[in-house]
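Enquirer: Structure incoming, see below.
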């Protein structure tokens with residue numbers, strides 16, 4: 001919901017037309033609405049969508065207006081995010097040039113589908129996804145931008161929902177070519193026991209060559225990067241922008257983005 005009275009514009013519901021529940025809201029709400037989506041029936045839509053490992057390119061259509069756009073943001077989900085932002089901006093009366101400039105210069109959210117570029121011949125991504133649905137959506141986005149295999153490093157936090165652990169493993173292995181199961185923030189639990197519960201979701205379901213276990217998170221990241229071939233995509237999931245790893249008796253410095261850069265230097269000799 002966009003609440004715009006303070007901007008001198010009418011209170012308006014901005015809704016994703018491509019979502020089934022969104023279309024239901026469009027029919028049921030008593031508020032004025034403005035929709036966005038890839039469907040041409042939306043008030044604000046996108047055509048010519050190109051989703052790549054370096055960013056997205058598409059054209060925003062709004063009435064008779066057409067705005068070519070090239071963003072640093074990756075993944076189809078970020079096309080929707082851009083459309084939502086543009087939709088709100090149109091409603092606020094922001095001019096087209098300012099909308100394009102804002103979206104094209106937006107660097108993205110730290111730790112959310114963040115591209116780590118050190119000159120390597122494959123893609124390295126760090127993302128905050130830490131639920132089964134989050135991992136599934138992440139890997140779907142990775143598939144869309146990868147020209148080769150998708151390799152994921154993933155774990156589960158300790159002292160949190162145990163029932164999701166086998167589901168996390170299943171989602172990660174099912175949608176990747178290689179899954180390296182590792183430690184996340186074990187907190188008060190034994191990391192090996194957490195990993196064992198994740199593996200329960202994949203044992204006897206997938207061949208062993210589809211997944212492996214490395215308890216040490218740094219070693220797991222380095223192994224994933226070592227396995228990558230030209231055109232592949234390696235994604236490290238779970239911690240995103242976090243700067244520490246939590247154990248029962250201590251918190252150590254651990255930023256996946258920094259560790260990926262350090263391991264890339266070790267594996268490829270690249271300077272980050």
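Enquirer: Report, by residue number, each residue of region 221-239 that is closer than 20 Å to residue 143 by Cβ and buried (at least 19 other Cβ atoms within 10 Å of the Cβ). Spell out how you get there, then give the answer.
Expert: If we filter region 221-239 for residues that are closer than 20 Å to residue 143 by Cβ, which is where we start, we get 224-225, 227-238.
Passing the criteria: 224, 225, 228, 232, 233, 234, 235, 236, 237, 238.
Enquirer: In a strand (DSSP E or B) and buried (at least 20 other Cβ atoms within 10 Å of the Cβ): which single residue out of 125, 99 fits that description? It would help to see each step written out before you state the result.
Expert: Working: 99 fails: in a strand (DSSP E or B).
Of 125, 99, the one residue that is in a strand (DSSP E or B) and buried (at least 20 other Cβ atoms within 10 Å of the Cβ) is 125.
Enquirer: Being in a helix (DSSP H, G or I), touching a residue at least 24 places away in the same chain (Cβ under 8 Å) and either surrounded by 21 or more Cβ atoms within 10 Å (Cβ to Cβ) or out of contact with any strand residue (DSSP E or B) (no Cβ under 7 Å at 6 or more places or on another chain) (or both) is the filter here, so list the residues in region 194-208 that pass it. Step through it out loud before you land on a result.
Expert: Pass one, region 194-208, residues in a helix (DSSP H, G or I): 194-199, 208.
Narrowing further to those that are touching a residue at least 24 places away in the same chain (Cβ under 8 Å): 194-195, 197-199.
Matches in region 194-208: 194, 195, 197, 198.
Only the coordinates and a few stated rules stand behind these numbers; no lab work does. Model, not experiment: these values are computed from the prediction. Please note: Cβ atoms are built from the backbone with ideal geometry, for glycine as well, and neighbour counts cover all protein chains shown.
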